[in-house]
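Trainee: Sharing a structure with you now.
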Amino acid sequence: MERPMSSSDSHPPAEHGFCWADLGRHEQLLVTGADAVTFIENFTTAKVSDLLPGAGCEGFFCDARGWVIDLVLIRRTNDGLVLRMEPGRAAHLRSHLDRYHIREDLELLDQSEGLRSLLVSGAPAAHWLEKHFDQSLPAAPANFAEGLLTAAAGLVLHRSFGTVLRCGEP
């Protein structure tokens, strides 16, 4: 018997064969504009210009010395890029990028307020999400789909490498 997920639950009963866990807050920067992809590609180890909208990857952001500033999950959108990072990191990365943003046609927006991550894991997790997520699941690792999960607020679903699926508000 299926039961809806509630915010008071951390894990469904063991007979479901999978579990979920609230991974807590994360932070997110939205980078839009005609120069967004090229600008960000100059600061990360990822080849973001090769990503199609809906696709994603991980990338290290480095300073001028080549020292790592942060590891970020990067998602391509129709209008630019979404950069997702650990709590407390967005302001530092934004400050670093703003330092070099001179004439490029782009805007950096902090969209961190209220974002959380949900980990759904286990062999039947994809089947459960197909029933409770209102969009088709991403077919490839590191691809994204936006939609609603069991009457929750808007969520972004990220298919991570392997069988783990993560969700977080857009």
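All of the numbers you see were taken from the coordinates with simple rules; none came from a lab. Note that the structure is predicted; figures quoted are calculated from it, not measured. Neighbour counts are summed over all protein chains in view; Cβ atoms, including those assigned to glycine, are modelled from backbone coordinates with ideal geometry.
Trainee: Show me the chymotrypsin sites (Phe, Trp or Tyr not before Pro) within region 48-94 that DSSP assigns to loop and that have at most 15 other Cβ atoms within 10 Å of their Cβ.
Mentor: Values: sites: 60, 61, 67; in loops: 67.
Of the chymotrypsin sites (Phe, Trp or Tyr not before Pro), the ones in loops of region 48-94 whose Cβ has at most 15 other Cβ atoms within 10 Å are 67.
Trainee: So how far apart, in nm, are the two label points at residue 50 and residue 102 if each is 7 Å from Cα heading toward Cβ?
Mentor: In this crude label model, residue 50 to residue 102 measures out at 2.9 nm.
Trainee: Which trypsin sites (Lys or Arg not before Pro) from region 58-97 combine a DSSP loop assignment with at most 11 other Cβ atoms within 10 Å?
Mentor: 65
Trainee: Here is a follow-up. Using 0.36 nm per residue of separation minus the Cα-Cα distance, give me the extension gain between residue 123 and residue 25 in nm, one decimal.
Mentor: Gain in length upon complete extension: 32.7 nm.
Trainee: In nm, what is the difference between 0.36 nm times the number of residues separating residue 131 and residue 42 and their Cα-Cα distance?
Mentor: Full extension of this stretch gives 28.0 nm more.
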